[in-house]
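Report on the structure given below.
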Amino acid sequence: MNLHEELRIALETVADPTRAAPMQAYMRDQFIFLGVAAPQRRLAVRDLLAGMKGIDPGTLLEHAQLLWQQPQREYQHVALDMLALHVRQLSIDHLPALLALARQRAWWDSVDGMTGVIGDVLQAELRRGGDGHAHMVPALRHDDFWLRRIAMLHQLGWRDDTNAAWLFDAALVLAHEDEFFIRKAIGWALRDYARHAPEAVTAFVNAHRQQLSPLSRREALKHQPP
């Protein structure tokens, strides 16, 4: 029995068909679901994914691509679980493949999951002395707004590693956009950094109130004192 057959059995065993329709509705009927909630999904596939330890990156990405092609949305979530668990196998050389995958069947759940994987790859590159941010410049200017969202959010959780200049510059590059998912991403990225540098974020938002959308400003200062 191959990995994908084992994953299928594991998911179908814990699937609750009564959950499928509400899950599909939550995603605006863009995808079909088996009816597996995230905690149950992670538990069901945990041992199978852990058994892939030491897998070479090419095979890892092949498995992710195969899972991405499955019609039920849970399989894309399993692919993201798999990539996140084995992210140390990936390097900056695999960034184009990850970005290409993110553009397939794209919606906020898969894009944001892939952002976490890409962020880990870029942060590892930074700690090796490379310039991970430079690889996000094409994404920040890409025609696909989902890639622009990834570029905006790739530093989530970086704390001391956050390049504030990149963060603020990216927010201004995208500030003119009307797209909800971009405006939300700007606010989310700023709010995340505000946990580490609240005064810097407040000063930035106040200095650029006319450029940032109300949504971005509200999200950025959500946890800041009035």
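Bear in mind that the values in this text are calculations on the coordinates, not laboratory data. All figures in this text were calculated on a predicted structure; none of them were measured in a lab. Virtual Cβ from ideal backbone geometry, glycine too; neighbours counted across all protein chains shown.
With respect to the numbered conditions (1) touching a Pro at 6+ places or on another chain (Cβ under 9 Å); (2) charged (D, E, K, R); (3) buried (at least 17 other Cβ atoms within 10 Å of the Cβ), which one is the sole condition not fulfilled by D81?
Status for D81: all satisfied but (1).
Looking at segment 93-108, which of its residues are assigned to a helix (DSSP H, G or I) and surrounded by fewer than 18 Cβ atoms within 10 Å (Cβ to Cβ)?
From segment 93-108, those assigned to a helix (DSSP H, G or I) are 93-102, 108; that's our starting set.
Hits for segment 93-108 are D93, P96, A97, A100, W108.
Table: residues versus (1) in contact (Cβ under 8 Å) with a residue 24 or more places away in the chain; (2) within 16 Å of I9 (Cα to Cα).
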position: A37; (1), (2): no, yes
position: Q40; (1), (2): yes, yes
position: A50; (1), (2): yes, no
position: G58; (1), (2): no, no
position: L61; (1), (2): yes, no
position: R73; (1), (2): yes, yes
position: M82; (1), (2): yes, no
position: L85; (1), (2): yes, no
position: S91; (1), (2): yes, no
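Taking segment 29-39, which residues are crowded, with 18+ Cβ neighbours inside 10 Å and either in contact with a Pro (Cβ under 6 Å, 6 or more places away or on another chain) or part of a helix (DSSP H, G or I) (or both)?
G35
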